[in-house]
Amino acid sequence: MSKLWISGGRRLEGEITVQGAKNSVLPLLAASILAGDEVVLENCPDLADVDSAIDILRLLGAEVKRDKDRIHINPCNAAQSEVPPAYMRRMRSSVIFLGAVLARTGSACMSFPGGCELGPRPIDMHLEALRTLGAQIVEEERNVIRCAGQLKGARVRLRFPSVGATENVMLASCTCDGETIIENAAREPEIEDLAGFLNAIGCRVRGAGSPVILIEGVKKTHGARYRVIADRIVAGTYCCAAAATGGMVTLDGVEPSHLAHLTQALEAAGCSIAVDDDRLHLQMKQRLRAVAPVVTAPYPGFATDLQAPLMAAMTVAQGQTRFIETIFENRFQHADGLRAMGADIVTDGRTAWVNGVGTLHGADTTATDLRGGASLVIAALAAHGESSIGALEHLDRGYAHLEQQLRALGAVCERT
Ligand code: EPZ
């Protein structure tokens with residue numbers, strides 16, 4: 001298992017282009033089997049999770065070619081409906097294939113998905129919503145789910161605006177008979193991106209980005225060329241790294257409005273942020289200040305995926321910052337690694353109190369999940385001395401060319 005070695009205590013300075021969004025490209029890859037002809041996705045990040053989705057597409061019978069940041073998918077022969085557990089376990093997003101495969105083939109057999117261990121991650125809302133659309137679902141032994149049925153448009157009310165459940169309903173319903181209404185839908189930019197792609201292949205989806213999404217089932221779809229949005233969580237992670245190191249960075253190819261809560265918090269902490277179209281400049285000259293309590297919430301609230309990166313920055317701020325995690329039950333696992341570098345963090349259930357310390361010191365740490373791993377990288381960049389972050393495979397699921405990007409900003413780091 002590889003490690004990232006970092007010699008910290010240097011300001012990050014420079015300019016990088018931010019990758020396409022992992023949490024957009026994965027549902028788009030699943031959605032590509034609903035296209036009537038070839039699909040070309042642009043701005044696809046080079047990530048382990050993208051490789052896993054491509055493997056599933058090939059298993060289903062699609063032809064997939066990769067050419068730099070473009071992925072060409074010809075779904076014409078995607079007739080398989082079974083995905084074995086070994087493929088499903090590689091990432092959480094494999095569950096999105098359920099709605100797409102069911103819509104395309106009329107049946108699907110998959111097991112429960114894998115992904116980051118952030119506490120219980122049930123898929124009951126996905127299954128209940130698919131049942132509302134008319135799917136017969138049997139949960140067999142060893143977490144295998146067997147679905148079948150002619151789907152029909154329906155009114156689906158989610159008890160919580162789940163990103164994955166909203167995506168699964170969109171995928172399952174966009175080519176079925178009748179109209180579907182999703183109430184209390186997730187409003188994340190990735191949902192809007194999925195709607196944009198579905199409309200590009202000839203589906204009729206309205207209201208994405210609002211709590212009510214209307215989907216009119218269509219009989220015929222076609223191919224399309226589509227560009228994936230920028231990864232707001234990766235952009236936010238580099239912002240936190242620059243803030244923690246007193247740096248000055250420019251991020252290219254971002255959508256600043258998708259990062260509003262984070263940039264407001266970083267401005268309150270003393271950073272200067274300027275936006276120029278799809279470029280974001282961040283400069284931090286003095287020591288960071290603690291900020292008002294950070295409460296994670298579904299979009300447009302503060303993203304749970306940015307809780308760990310901001311916490312890393314706040315470990316070196318002046319004063320105390322409180323973090324309240326409302327989305328996942330167990331999303332403070334990075335606190336141990338941060339403490340090993342000298343951070344003062346107290347956790348109790350879903351609340352963490354971070355008392356800023358003057359400086360962090362280097363330590364050997366291990367990533368426990370994707371964004372938690374990113375927070376260790378940020379702390380290691382800010383810390384004096386050498387650090388290592390093990391279990392890099394977590395980071396490779398979400399951060400493309402991590403060490404090259406960090407080096408482009410002046411960091412001294414190496415994969416060992
Ligand atoms: C997506 O996960 C993202 N993953 C996550 O990003 C992100 O943290 C999360 O949304 C919240 O923004 C992808 O898009 C691939 P949810 P998802 O369904 O869809 C509960 C990252 O680091 N729930 O909105 O799995 C669930 O347990 C990852 O990139 C049910 O109870 O999130 C959680 O508490 C990690 N039953 C809450 O809802 C269900 O059927 C939110 O989950 C589904 C979810």
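None of the figures in this text is laboratory data; all of them are computed from the coordinates on show. Keep in mind that this is a model prediction, so the values were computed, not measured. No Cβ is skipped: glycine too gets one built from the backbone with ideal geometry, and neighbour counts run over all protein chains shown.
As a rough footprinting exposure proxy, the listed residues 175, 17, 237 were ranked by other beta carbons within 10 Å of their own, and the order from fewest upward is 17, 175, 237.
Within straight-line reach of residue 22, meaning a Cα separation under 17 Å, sit the following lysines at least 8 residues removed in sequence or on another chain: 68. Projected label points at residue 225 and residue 283, each 7 Å from Cα along the beta carbon direction, are separated by 3.9 nanometres. Would you mind pulling out the separation of the Cα centroids of region 345-404 and region 149-214, in Å? Their Cα centres are 35 Å away from one another.
By average Cβ neighbour count within 10 Å, what is the ranking of 224-235, 19-30 from highest down?
19-30, 224-235
Straightening the chain between residue 131 and residue 1 buys 42.7 nm, computed as 0.36 nm per residue apart minus the Cα-Cα spacing.
Counting only aspartates and glutamates at least 8 places from residue 65 when in the same chain, those with an alpha carbon closer than 18 Å to its own are 37, 38, 42, 46, 49, 51, 55.
Within the chain, DSSP assigns beta bridges of which about 70% are antiparallel (rounded to the nearest 5).
Note on residue 268 and residue 344: with the Förster distance fixed at 25 Å, the Cβ-Cβ geometry gives a FRET efficiency of about 0.75. If R0 is 45 Å, the Cβ-Cβ spacing of residue 407 and residue 150 corresponds to a FRET efficiency of close to 0.25.
Taken along the Cα-to-beta-carbon direction at a fixed 7 Å, the label points for residue 72 and residue 157 span 4.8 nm.
For the pair residue 86 and residue 214, what calculated FRET efficiency results from E = 1/(1 + (r/R0)^6), where r is the Cβ-Cβ distance and R0 = 25 Å, to the nearest 0.05? Walk me through the numbers on the way to the answer.
Working: r = 37 Å, r/R0 = 1.49.
About 0.10, to the nearest 0.05.
How much length would be gained if the chain were fully extended between residue 65 and residue 322, taking 0.36 nm per residue of separation minus their Cα-Cα distance, in nm to one decimal?
Working: separation 257, 0.36 × 257 = 92.52 nm, distance 4.60 nm.
Using 0.36 nm per residue and subtracting the Cα-Cα distance, I get 87.9 nm.
Cut-off under 21 Å on the C-alpha distance; same-chain residues fewer than 8 positions from residue 220 excluded. Which lysines are left, in chain and number order? Within the straight-line cut-off, residue 220 pairs with 152.
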